[in-house]
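Visitor: Got a structure for you, questions after.
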Amino acid sequence: MKKIYLFYLLGLVMQASLAQSPAPARRLTLNEVISLALRESIWAKQAAANKENNYWQFRTYKAGYKPQLALDGTLPDFSRTISPVIQPDGTTAFRQVAINNSALNLSLSQGIGLTGGEVFVRSQVQRFDDFDRNQKSYNSNPAIIGISQPLFGYNALAWNKKIEPLRYEESLKKYIEDREVISLTATERFFDLLLQQVNAEIAQKNLENNEAIYKIAEEKFRLGKVSRNDLLQLQLSLMNAKVAQAQASLDARNASLKLRTYIGYTGDELLELENPANVPALIIDEELALAEARKNRKEAISFKRKILQAEQEVAYAKGKSGLNANLFATYGLTNQAESFTDSYLRPIDQQRVRIGFDIPIMDWGKQRATIKTAEINQQLAQYTVEQDAATFEQAVTTQVNQFQMLRERLSLSAQADQIAQERYEITKATYLIGKISITDLNIAAMEKDQAKRAYVSSLRDFWTAYYNLRTLTLYDFEKNKPITLD
């Protein structure tokens, strides 16, 4: 009766499990996970926003070298007050004054990149109203042509023209690098989950194997073919397998949440990952990798930009030291009248030339120290760039060598995994017929699990090394072409 009752309960459990509809699952490959991360993740959106921001900054720089048309004015500038007025005999009398000054100025200016100066054309008109005397007058400047030119000074326009295009090109390279970093991180999160799913599968399989072996051992114990010590050891193994299965399931859920969060996946389906066992048969040439890294990475542009910026600081220090002078000159037409129309009739010419200068007489070596500091910083920048370039090339070379080693290790790990799985099946069958001890079975089980985990870890190391190499070189070694913007 007891056995019939147990079979009845087992049947109810099986019916209940069959009645539950399995949770929907979405199966993803490594390429699909990377595509989702590049399209949906917050990191991809941040990289795109940074790229857009750099684009508009570059547009701002470019606009500064084009003609600028501006209209400014004062409409009105009214004042009613009591002001001191100097009389013909030299005394001062306070008079009530009610006046208004209005002005409009239309100007067209253009920077001169070669010299750092500016040429401009202006047209001005002013109106003055004296309300106490009921008078008004106009002052017009139909056209004024002028130039403002620093002499012997620092030319910011010329230096920006050298540096800003490099900065923008560097930002484009950085955007591609940011996307490759996203691919690399998505790969790491993919294998974090894959390893936990493999652990969960191993734990579930071990639980099932332990349950089956324990049931057989119980029957053998009743027949006196298994000692109580072996039975207790199997029971302990079964309890440990249950604990391991529960922990593995929890770890897999946590890893799944991390992957979902990173790639921006909002679906409700369970994620099941396909093992990317088909690895590309790549032989990476070290010289090719170095050449592509030098050509494609932002570092090549960044090194040049840093050297130019150091030279810019020296030019700035020298330009602000010693003789500083500025030329300002205008030529135009002007007139004044009581009516607006008359102020534009028969204008007379006007000229203005001004040269301002500044010469330090004694500054106790301040300017010399400023120039010397900038020159030393320039040397330091040169040394830093040389060191960074050597470190960067060393990182590429190391990654190429590591990639080849990991590819060989992956092949060995795959073979070891297959051998360990076959050995365990043979060991289990041998144990069931009573020819080996439970210790031998446990050792085979541990080696099987270790080999499976080692294989998945080797897969992880291979793919992360591959995407790290892509990040370092911005080169697609499968398609044999540089990685560019879509």
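The values are calculated or read from the model by the stated rules, or taken from the named source; none is laboratory data. Every value quoted in this text rests on a predicted model; they were computed, and no experiment measured them. No Cβ is skipped: glycine too gets one built from the backbone with ideal geometry, and neighbour counts run over all protein chains shown. Protein only, heavy atoms only, side chains kept; ligands, DNA and RNA dropped before computing areas. Shrake-Rupley method; radii C 1.70, N 1.55, O 1.52, S 1.80 Å.
Visitor: Would you check the accessible area of residue 97, probe 1.4 Å, heavy atoms only, in square angstrom rounded to 10?
Guide: 40
Visitor: What angle do you read, to the nearest 10 degrees and between 0 and 90, between the alpha-carbon axis of helix 30-40 and the longest principal axis of the chain?
Guide: Helix 30-40 sits at roughly 30 degrees to that axis.
Visitor: What is the percent carbon and sulfur in the accessible area of region 117-240, measuring with a 1.4 Å probe over the protein chains and ignoring ligands?
Guide: Solvent-exposed carbon and sulfur of region 117-240 make up 52 percent of the total.
Visitor: With a 1.4 Å probe and all protein chains left in place, how much accessible area per residue does region 193-254 have, in Å²?
Guide: Averaged over the residues of region 193-254, the accessible area is 59 Å².
Visitor: Based only on Cα atoms, what mean projected area does the convex hull of region 351-486 have, in nm²? Each step should come with its number before you reach the end.
Guide: Numbers: hull surface 81.8 nm².
Hull-based average projected area comes out at 20.4 nm².
Visitor: Enter the accessible area of residue 385 (Å², nearest 10), with the probe set to 1.4 Å and all protein chains included.
Guide: Around 20 Å² of this residue is reachable by solvent.
Visitor: List the equivalent ellipsoid semi-axes of the chain in whole Å, largest first, each obtained as the square root of 5λ for an eigenvalue λ of the Cα gyration tensor.
Guide: 83, 31, 19
Visitor: At 1.4 Å probe size, with the rest of the protein present, what percent of the exposed accessible area of region 348-486 is carbon and sulfur atoms?
Guide: Here carbon and sulfur together make up 55 percent of the probe-accessible area.
Visitor: Using a 1.4 angstrom probe, figure out how much accessible area region 92-152 has per residue, in square angstrom, rounded to the nearest whole.
Guide: Accessible area per residue: 57 Å².
Visitor: Let me ask something additional. Given the C-alpha atoms of region 289-346, compute the convex hull and give its volume per residue in Å³.
Guide: 213
Visitor: Give me the accessible area per residue for region 268-376, probe 1.4 Å, as a whole number in Å². Display every interim value, and only then the final one.
Guide: Numbers: 7160 Å² over 109 residues.
That works out to 66 Å² for each residue.
Visitor: Compute the distance from the alpha-carbon center of region 433-486 to that of region 60-78, in whole Å.
Guide: 63
Visitor: How long are the three semi-axes of the equivalent ellipsoid of region 258-315, in whole Å, if each is the root of 5 times an eigenvalue of the C-alpha gyration tensor, listed from largest down?
Guide: 42, 24, 5
Visitor: Highest mean first, how do 196-202, 254-260 rank when packing is the count of other Cβ atoms within 10 Å averaged over residues?
Guide: Put in order of decreasing packing, that is 196-202, 254-260.
Visitor: If you take the C-alpha gyration tensor of region 84-131, multiply each eigenvalue by 5 and take the square root, what semi-axes do you get, largest first, in whole Å? Each step should come with its number before you reach the end.
Guide: Working: eigenvalues 336, 52, 10 Å².
The equivalent ellipsoid of region 84-131 has semi-axes of 41, 16, 7 Å.
Visitor: Let's test this: bin the Cα-Cα distances of region 53-121 at 5 Å from zero up to the farthest pair and state each bin's percent.
Guide: The calculated distribution, bin by bin, is 3, 12, 12, 11, 11, 9, 8, 8, 8, 8, 5, 3, 1, 0.
Visitor: How tilted is helix 2-19 with respect to the longest principal axis of the chain? Cα atoms for both, answer in degrees (0 to 90, nearest 10).
Guide: The angle comes out near 30 degrees.
Visitor: Can you work out the base-10 log of I(q)/I(0) for region 137-266 at q = 0.09, 0.13, 0.17, 0.22 1/Å, using the Debye formula on its C-alpha atoms alone?
Guide: -0.60, -0.80, -0.97, -1.17
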